[in-house]
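Since the structure comes first, as structure tokens, the remarks are kept for the end.
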Amino acid sequence: MENSVIPNKEADISSLIDQQHFDEAIKSLHVIIQGDPCAEHYARLGLAYFRKEQYAEAATYYEKALQLEPANIEWQEMLQHSHGNFVSEVNVSIPEIYYFDKSKLLAKPAIP
């Protein structure tokens, strides 16, 4: 991957997340973290995964951020939200409710 494709400014990463280009932000952050594994980058990665509704991954990166900066209240809250959303499976779609037609359900069978 070319360096010109990878945003290296935090504003660029935030912009990608705000514009819902989560995959690009995630790829860029992984590359950035290899060279600079700071808490802020882990937290941004957690946010990108959270907004992408991949809550287990989000929790993993918020935990890494909190290992480096344990006093950050916002990241602690996001970690709790990530765990909660993962456990409650809020990203799992639920099929629409279907109501049976009572008359069809209880009608005598049609025998050909």
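The values are calculated or read from the model by the stated rules, or taken from the named source; none is laboratory data. Bear in mind the structure is a predicted one, so any value in this text is a computation, not a measurement.
Residues in the range 13-34: is at least one β-branched (Val, Ile, Thr) and at pLDDT below 85? Explain how you work it out, then say what you get.
Going residue by residue through the range 13-34, those that are β-branched (Val, Ile, Thr) are 13, 17, 26, 31-33.
After this cut, where a residue has to be at pLDDT below 85 as well, the list is 13.
So far as the range 13-34 goes, yes, one or more of its residues are β-branched (Val, Ile, Thr) and at pLDDT below 85.
Across the range 26-46, what is the total count of residues that are of a type in the set (Gly, Ala, Ser) and under 17 Å from the mean Cα position of the chain (by Cα)?
3
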